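Engineer: Structure in structure tokens, see below.
The values are calculated or read from the model by the stated rules, or taken from the named source; none is laboratory data. On a predicted model such as this, the values are computed, not experimentally measured, just so you know. Heads up: the accessible areas ignore ligands, DNA and RNA and are worked out on the full protein's heavy atoms, side chains in. Shrake-Rupley method; radii C 1.70, N 1.55, O 1.52, S 1.80 Å.
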Amino acid sequence: MKKILPILLLAFVSLFIFSCDNNDNNPVQDNDTYSQMRDITGSFNNGNSYAFTQGINIQGTDVVLVYRKAGNAWQQLPYTWYLDAATSTSARKFDYNFVFDSQNVQIRIDNANFNLSTMSSTEAASYLNNQTFRIVLVPASSGKASVDYSDYNAVVKYYNLDESKVIKTTVTK
């Protein structure tokens, strides 16, 4: 009996050791946050101070991601553009950026080291006019999420987002 007791005790303890596994490969579950996406299209100009705002309800447990449509891809903000120095006398750059609070996301151009109104019509058409941004709200995880937020497609896949249900808004200012 004395020889069986240690073996039974070892089997009993090992049952609990292997059943307590924190390795959870499922997406983060946050019961008060539902992932959502919204597109906002607008033109940056002097009249709107090179910024526009989208009202949206943001919970304290949400992560706010903003992407700019660039052809068939999405670039995560903030993003710095360096304009062609060959066509200007000095290097010109500006940043697409965003700020948010619990009710709004503001998308804007920051740190302009030149007057944006001096852009050529080609540059304005490429960087200021009819720009589309996608605001993505996803739940914040208690641990580190296993998704690369800079990769838009990885975010859509990880959070199982339906791109056909994106709300679209146009800013007219």
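Engineer: From the backbone phi of the range 100-107, what are the Karplus-calculated ³J(HN,Hα) couplings (6.51 cos²θ - 1.76 cosθ + 1.60, θ = phi - 60°) in whole Hz, Gly and Pro given as x?
Structural biologist: So the Karplus estimates, Gly and Pro as x, are 8, 10, 6, 10, 9, 10, 10, 9 Hz.
Engineer: Another one. If I compute solvent accessible area with a 1.4 Å probe over the protein chains, what percent of it on the range 103-173 is carbon and sulfur? Let's see the in-between values first.
Structural biologist: Values: 1800 of 4170 Å².
About 43 percent, which is the carbon plus sulfur part of the accessible surface.
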